[in-house]
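Before any comments, here is the structure.
The values are calculated or read from the model by the stated rules, or taken from the named source; none is laboratory data. Because the structure is predicted, anything quoted here is derived from the model rather than measured. FYI the Cβ positions are ideal-geometry reconstructions off the backbone, even for glycines, and counts take in every protein chain you see. The protein model used for the area step is the full one, side chains on, heavy atoms only, and it has no ligands, DNA or RNA in it. Shrake-Rupley method; radii C 1.70, N 1.55, O 1.52, S 1.80 Å.
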Amino acid sequence: MTRTELESQIKELPHECGVYQFYDQKNRLLYVGKAKNLNKRVKSYFKTKHDHRKIQMMVSRIHRLETTVVETELDALLLENNLIKQYQPRYNVMLKDDKTYPWLCIKKERFPRVFYTRKKIKDGSEYFGPYPNFKTVRTLMDLTKALYPLRTCHYDLSEEKIFQKKYKVCLEYHIGNCKGPCEAKFEENDYNQNIRQVRKIFNGNFKDSLSGFKIQMKQYADNEEFERAQEIKEKMESLEDYQKKSMIVHPTIHNLDVYSILSDPSYAYVNYLQVNHGAIVRCHTMEIKKKLDEDNATLLTLTVIELRQRFDRQSNHIIASHPFVLDEKTIIKVPQKGDKKKLIELSLRNAKYFRIERFKQMKITDPSRHIDRMMQQMKKDLRLKVEPRHIECFDNSNIQGTHPVSACVVFRNGKPSKKEYRHYNIKTVMGPDDFASMEEVILRRYKRLVEENASLPALIIVDGGKGQLSSCLKSLEVLGLKDKITAIGIAKKLEEIFLQNDSQPLYIDKRSETLQVIQMARDEAHRFSLNHHRSKRSKSSLSSKLDFIPGVGEKTKTKLLGKFKSLKRIETAPLIEFQKILGQQRGQKIFEEIQKLSDKTPTENL
């Protein structure tokens, strides 16, 4: 990727929360960072003059970048952590096991302890997390302590040692934080029942715990122990706040590959998420150029084989946005709900952002390719015989039938060609008849183009629904052009597209470039027509008052309007200004006539 292409990519980054990765020319990962706003954060590396030499060195080596969009800042924080630990980029602070995020552990032992740790030991214990900070961990630990009295000591509570009375209860027992399993004062089955409830809390199932808290709070309130009731209430609020689950780390999803695909007529975009031990550790999107209009299943099969080889990944479990076939060993599912469905949605979201970025970059770096792709898409969406390289759009303007005008705007290759815009004054229609006005303008426009042997548009857009489109088609039929030019109508309320051979309206994706070009042409025609209507109405208003003044002809009106620009300024101008323009006596006479017409005395402006 050249520096110009990199800069254009940075300009079009989404203003979303996510993670960015910088790579050098040899495709080595230099740096991983998180951002609340990807666009602003990444731009800051290239706009700001950095004092630190190491940052300057890193920025100079950046050859390409990748981004991953996520839902929340917490997700960005956790994904950044996963990627740094997985790939250990050169310019990141290395995250060692003792310097990473905390986990909650249920120890594999008799009468299990519950505690937090930064280290994961493979001894059969259960680990939950990681958590973004210790505040969350302490909240959960306080919660479990308040609800379930669990031991905190490090004793080996085997049946033999308890029977031999090796231990004695400690202060925790006497203050009510522990029920003394070390002296067989608490049954193992009851203790394990508490552990099952703690496990539910750590897995995000808070229903039973919240119910217990409510009962406890009510009891304290009934006993007028309001301070303790308030403590319980605050813990409930902390627990409810915590209930939001992260998509970046999920303890029940293990060693899974996620694939999603978006397709255009010429290109497809496949996004891949790699999930290891419940954490997303890789996000990659591929652009594929279609050769023979391949379907999504075929493209997914080819791309998955390529990505599995590239990343040396052979997971037997795949979830995807569309069904496809790989081999007998690999299980492929298309989830319809739950956490795996949310992973598919996250993958599709990243594919969409990649596609948008590519389109925006293409406009800058390869405009001809962008135009070709856009024209192909419009041809497909609007069911046209040819690409709409030449588009003309019409709109009418009038107020209760007065000063009726129309406008024609011309688009070439999806862009306005302003030198070809035309205004029309409606000549044959009396009153507010939009259909008849459209019929007249279309007839006049294309009759002249045919007589001049000028090029005809591939597509005509009329602002309006079925009625305006029918009027347009009438005129085209009279001229023998109905089969040579395609006409469509766009109704503003629901952005419905009416085609000439279809009774039902067409609804195009609001984010598609096809609809954007149509809307741009419609809005431009409306603006151009409205400006002409206002100008005509203004001139008519100005002329009508001046026409009643004796001695004021066309030349005098032109002089006065050229000097004062508006009727209001003419009415409020002092006598001396009229005399400068029209002479002493004539200026005095016309000045007095204007004041009479405006119901003012001549002395008011002297």
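Any chance you could tell me what percent of the C-alpha pair distances in segment 329-483 go past 29 Å?
40 percent
With r as the distance between the Cβ atoms of F359 and L456 and R0 = 30 Å, compute the FRET efficiency 1/(1 + (r/R0)^6) and round to 0.05. Let's see the in-between values first.
Values: r = 29 Å, r/R0 = 0.98.
It comes out at approximately 0.55.
Quick one: which residues, 5+ away or cross-chain, put their amide H under 5 Å from the amide H of I508? H built at 1.01 Å from N.
I497
Near the amide H of D395, under 5 Å away, which other amide H atoms are found, from residues 5 or more places off or on another chain, if H is placed in the peptide plane?
When sequence neighbours closer than 5 places are left aside, the close amide H contacts are A407.
Given the convex hull of the Cα atoms of segment 190-237, what is a quarter of its surface area in nm²? It would help to have the intermediate numbers written out before the result.
Values: hull surface 14.5 nm².
Its average projected convex-hull area is 3.6 nm².
Segment 262-321: D in µm²/s via Stokes-Einstein (Kirkwood Rh, Cα pairs, 20 °C, 1.002 mPa s)?
On the way: Rh = 12.4 Å.
Diffusion coefficient, whole number: 172 µm²/s.
Would you list, by chain and number, the lysines whose Cα falls below 22 Å from the Cα of K11, excluding same-chain residues fewer than 8 positions away?
Of all the lysines, those that pass the test against K11 - Cα under 22 Å, at least 8 places apart if same chain - are K34, K36, K40, K43, K47, K49, K352, K360, K363, K415.
Efficiency by 1/(1 + (r/R0)^6): what FRET value for Y91 and K580, r their Cβ-Cβ distance, R0 = 56 Å, to the nearest 0.05?
Numbers: r = 74 Å, r/R0 = 1.31.
Once rounded, the FRET efficiency stands at 0.15.
If r is the Cβ-Cβ distance from N255 to F226 and R0 is 51 Å, what FRET efficiency results, to the nearest 0.05?
Details: r = 50 Å, r/R0 = 0.99.
Once rounded, the FRET efficiency stands at 0.50.
Calculate the length of the line joining the C-alpha centroid of segment 1-21 to that of segment 150-191, in whole Å.
Going from one Cα centre to the other spans 59 Å.
Counting only protein heavy atoms and a 1.4 Å probe, tell me what percentage of the chain's accessible area is made up of carbon and sulfur. Kindly include the intermediate steps, with their values, before the conclusion.
Numbers: 16560 of 33590 Å².
Carbon with sulfur: 49 percent of the solvent-accessible area.
How much accessible surface area, in Å² rounded to 10, belongs to the heavy atoms of H63 with a 1.4 Å probe?
50 Å²
What shape does segment 294-368 have by the C-alpha gyration tensor, where a ≥ b ≥ c are the square roots of the eigenvalues, rounded means a/c under 1.5, and otherwise prolate means a/b greater than b/c and oblate the rest? Before the final figure, lay out the partial values.
Numbers: a/c = 2.35, a/b = 1.61, b/c = 1.46.
Here segment 294-368 falls in the prolate category.
Just the C-alpha atoms of segment 150-219: what Rg/Rh do they give, with Rh taken as the Kirkwood radius?
On the way: Rg = 14.5 Å, Rh = 13.8 Å.
Using Cα coordinates only, the ratio equals 1.05.
Multiplying the sequence separation of D24 and L494 by 0.36 nm and subtracting their Cα-Cα distance, what value in nm do you get? Write down the numbers at each step before the final one.
On the way: separation 470, 0.36 × 470 = 169.20 nm, distance 4.77 nm.
The span from D24 to L494 would gain 164.4 nm if fully extended.
Would you work out the relative contact order for segment 471-515, in percent, from Cα pairs under 8 angstrom that are 6 or more residues apart?
Numbers: 37 pairs, mean separation 9.7, N = 45.
Relative contact order of segment 471-515: 22 percent.
Using square roots of five times the C-alpha gyration tensor eigenvalues, list the equivalent-ellipsoid semi-axes of the chain in whole Å, biggest first. Present the calculation step by step, with values, prior to reporting the outcome.
Numbers: eigenvalues 1016, 244, 125 Å².
Listed largest to smallest, the semi-axes of the chain are 71, 35, 25 Å.
Taking only Cα atoms, what is the 0 to 90° angle, nearest 10, from helix 226-242's long axis to the longest principal axis of the chain?
Rounded to the nearest ten degrees, it is 60.
Can you work out ³J(HN,Hα) from phi for every residue in segment 216-222, in order, using Karplus 6.51 cos²θ - 1.76 cosθ + 1.60 and θ = phi - 60°, giving whole Hz and x for Gly and Pro?
Here the 3J(HN,Hα) series is 5, 5, 5, 5, 4, 5, 5 Hz.
In whole Hz, with x marking every Gly and Pro, tabulate ³J(HN,Hα) for segment 168-181 from phi via Karplus 6.51 cos²θ - 1.76 cosθ + 1.60, θ = phi - 60°.
Values, residue by residue: 10, 4, 10, 4, 4, 5, 6, 9, x, 8, 9, 9, x, x Hz.
Amide H of F115 versus every other amide H placed in the peptide plane: which residues, excluding those fewer than 5 positions away on the same chain, fall under 5 Å?
C105, K107
Suppose we flag GluC sites (Glu not before Pro) only when DSSP calls them loop and at most 11 other Cβ atoms lie within 10 Å. Which is the longest uninterrupted stretch of the chain? Walk me through the numbers before you get to the answer.
Working: sites that count: E187, E224, E328, E452.
Longest gap between qualifying sites, sites excluded: 1-186.
What accessible surface, in Å², does a 1.4 Å probe find on S437, ignoring ligands, DNA and RNA and rounding to the nearest 10?
10 Å²
Within segment 547-591, which trypsin sites (Lys or Arg not before Pro) sit in a loop by DSSP and count at most 14 neighbouring Cβ atoms inside 10 Å? Mind dumping the intermediate values first?
On the way: sites: K555, K557, K559, K563, K565, K568, R569, K580, R586, K589; in loops: K565.
Loop-located and lightly packed - K565.
Residue separation times 0.36 nm, minus the C-alpha to C-alpha distance between V386 and Q588: what's the value?
Working: separation 202, 0.36 × 202 = 72.72 nm, distance 6.67 nm.
Computed gain between V386 and Q588 is 66.0 nm.
Can you tell me, using C-alpha contacts under 8 Å and at least 6 residues apart, the relative contact order of the chain as a whole percent? Before the final figure, lay out each step's value.
Numbers: 918 pairs, mean separation 45.3, N = 606.
About 7 percent, as a whole number.
Calculate one ³J(HN,Hα) per residue across segment 142-155 by plugging θ = phi - 60° into the Karplus curve 6.51 cos²θ - 1.76 cosθ + 1.60, and present them in order as whole Hz with x for glycine and proline.
Per-residue couplings from phi come out as 4, 4, 5, 5, 5, 8, 10, x, 10, 6, 10, 6, 9, 5 Hz.
Taking a virtual spin label 7 Å from the Cα of V478 along the C-beta vector, which residues in segment 434-462 bring their backbone nitrogen under 11 Å of it?
Only 436-447 pass the distance filter.
Could you provide, to the nearest whole Å², the per residue accessible area of the chain with probe 1.4 Å? Don't skip to the answer; put the middle values down first.
On the way: 33590 Å² over 606 residues.
Accessible area per residue, the chain: 55 Å².
Heavy atoms only, probe 1.4 angstrom, no DNA, RNA or ligands counted: give me R358, R118, R138 ranked by accessible area, highest first.
Numbers: R358 65, R118 85, R138 125 Å².
Heavy-atom accessible area, descending, gives R138, R118, R358.
Could you sort Y20, Y220 by their accessible area in this structure, using a 1.4 Å probe and putting the largest first?
Values: Y20 5, Y220 40 Å².
Order by accessible area, largest first: Y220, Y20.
At a 1.4 Å probe radius, which order do Y148, Y269, Y507 fall into by accessible area, largest first?
Y507, Y148, Y269
Would you work out the charge dipole size for the chain about its Cα centre, treating the Cβ of every Lys and Arg as +1 and the Cβ of every Asp and Glu as -1, and quote it to the nearest 20 debye? Intermediate values should be presented prior to the final figure.
Details: 111 positive and 79 negative charges, 399 e Å.
For the chain, the charge dipole is close to 1920 debye.
Looking at segment 546-594 from every direction and averaging, what is the projected area of its Cα convex hull in nm²? It would help to have the intermediate numbers written out before the result.
On the way: hull surface 11.4 nm².
Convex hull of Cα atoms, orientation-averaged projection: 2.8 nm².
Quick one: Cα convex hull volume of segment 412-494, Å³ per residue?
So the per-residue Cα hull volume is 122 Å³.
Let me cross-check F528: its accessible surface, 1.4 Å probe, with only protein heavy atoms counted, in Å² to the nearest 10?
About 40 Å², ignoring ligands and nucleic acids.
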